[in-house]
Structures are given as structure tokens and as C-alpha cells.
1. Quick one: Karplus J couplings for the range 39-56, per residue in order, coefficients 6.51, -1.76, 1.60, θ = phi - 60°, nearest Hz, x for Gly and Pro?
2. Given the options Thr32, Thr118, Thr76, state which has the largest fluctuation in a GNM of the chain using a 10 Å cut-off (strictly under) for Cα springs.
3. May I ask you to derive the FRET efficiency for Val79 and Thr118 from their Cβ-Cβ distance with R0 = 22 Å, giving the value to the nearest 0.05?
4. Which residues' amide hydrogens lie under 5 Å from the amide hydrogen of Phe62, considering only partners 5 or more residues apart or on another chain, with H built in the peptide plane?
5. Out of residues 5 or more away from Ala10 or on other chains, whose amide H comes under 5 Å of its own, with H placed 1.01 Å from N in the peptide plane?
6. For the range 69-78, take each phi angle, set θ = phi - 60°, evaluate the Karplus expression 6.51 cos²θ - 1.76 cosθ + 1.60, and give the result in whole Hz per residue in order, putting x for glycine and proline.
7. Rounding to the nearest 10 and keeping the result within 0 to 90°, find how far the Cα-based axis of helix 102-130 lies from the longest principal axis of the chain.
8. What shape does the range 36-107 have by the C-alpha gyration tensor, where a ≥ b ≥ c are the square roots of the eigenvalues, rounded means a/c under 1.5, and otherwise prolate means a/b greater than b/c and oblate the rest?
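Please treat every number below as a calculation from the coordinates, not as lab data. On a predicted model such as this, the values are computed, not experimentally measured, just so you know. Don't worry about glycine lacking a Cβ; one is built from the backbone with ideal geometry, like all the others, and counts go over all protein chains shown.
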Amino acid sequence: MAGLGPEHVAASWDTTGPAVGARFTGTNRMGTFEWQVPCVVTACEPPHHLEWTVGDAPGQSFTWSYTLTCRADGGTDVVQRFRHGPGFRYLRQSVDRAPNEAASIVEGRCAMLRRSMTETLAAAARVLDASD
């Protein structure tokens, strides 16, 4: 899914993957700011489910997952999930700097994630439709 959304632009395996415990490095970009994050696969049931953390458990910053379910009509439902924490990251730093604005800071990031996830899934659908 790297490169299909507005923020996650690249990924490369650090170990053989995908498998539980496999590691990869994700590259993200917002505007001109680019950063890399270490990721660890925490669940892997090919071809239906993949989950990974950003950072090492138990202090990981985020958990991402994709679950694919075959439909009776031959299509596939794709569910992308994101969970913050429990580790310390930029969202918490922003809230700590402006605690009176915590609700709007969190809602802003949630809205950004929803847009990014929607764009990523739409781009994946276009790629898959073009390959038919």
C-alpha cells in the first residue's frame, strides 16, 4: 500500500517478510517533511490479514492493519484500521503543548487519517481495477 496514499510513500523489508516478527522500514511524508519509522509485523494470515506496529511493543506508537474478506459476488471487502498508542509520539506532544486545544488537535489528526485512509483505499481499488 506504500505510495498509494498521501503520507506513507515507501516501505522496505529489513528481514524476510511478511511473517509475525518480520521488520520493515516505512517512509512517510507530509509536505516537505520526510521521516522513516521502524515497523514490526504482529499478525499475518496471508492473504487475509496483516497487522504491524510502528515501533517496538509495548511502547509502539501506532498499530495498523488490513483485513480482506471475500464476498459471494467475487469481490473483496478491505478494512483498514489504525490505533494510536500506547507509546509517546507527536500527537501527544502537540496535546501536551496546548492542552486546552486537545480535542481539536485529536479531531484534526483523526480527520487527516480518515482522509488518508480513504485516499489509500481508493487508489488501491484503481490499481486493482486497472489490472483486470
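1. Once θ is set to phi - 60°, the couplings for the range 39-56 become 10, 10, 6, 10, 8, 8, 10, x, x, 9, 8, 9, 9, 8, 9, 9, x, 8 Hz.
2. Judging by the Gaussian network model, the answer is Thr32.
3. Working from the Cβ atoms, E equals 0.95.
4. Amide H neighbours of Phe62: Val54, Gly85.
5. Gly3, Thr27
6. 10, 6, 9, 4, 7, x, x, 9, 8, 10
7. Relative to the chain, helix 102-130 is tipped by roughly 20 degrees.
8. oblate
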